[in-house]
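Below is one structure; the comments refer to it alone.
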Amino acid sequence: MSGTDMVHAADTVLYIPIEKWAAQYIVLDTIVQVDISSALKETATGQTIWEHRQIAQYQASPGGGGLVIKAVAAAIAKAKDAGTAP
């Protein structure tokens, strides 16, 4: 994380690596499974403030998509909830 805090002037960074992306093709449909891990880290120290792992499954249909966006939105919502919990 060297220099990240100076370049972007951010206190924390949310890392969301995709651990696994698998598609299962069925006659007229596709099932996609995505395994992501999320970590919120301080830029100055590299200390992990929060982490979460989630597996999302999406059944594709015409005009589908947005699986990564849904998974990222779920991770951000979890982080927000964790930050406001007593």
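Taken together, the values in this text are just the output of simple stated rules run on the coordinates, not laboratory data. It should be emphasised that the depicted structure is a prediction, and the values quoted were computed from it without experimental measurement. Cβ placement follows ideal geometry from the backbone for every residue including glycine, while neighbour counts extend to all protein chains displayed.
In segment 14-59, which residues are assigned to a loop (DSSP other than H, G, I, E, B) and hydrophobic (A, V, I, L, M, F, W, C)? Across segment 14-59, the qualifying residues are ILE16, VAL27, LEU28, ALA44.
Candidates are the residues of segment 32-47 that are more than 12 Å from the chain's Cα centre (by Cα) and farther than 18 Å from ALA9 by Cα; the one that is surrounded by the most Cβ atoms within 10 Å (Cβ to Cβ) is VAL32.
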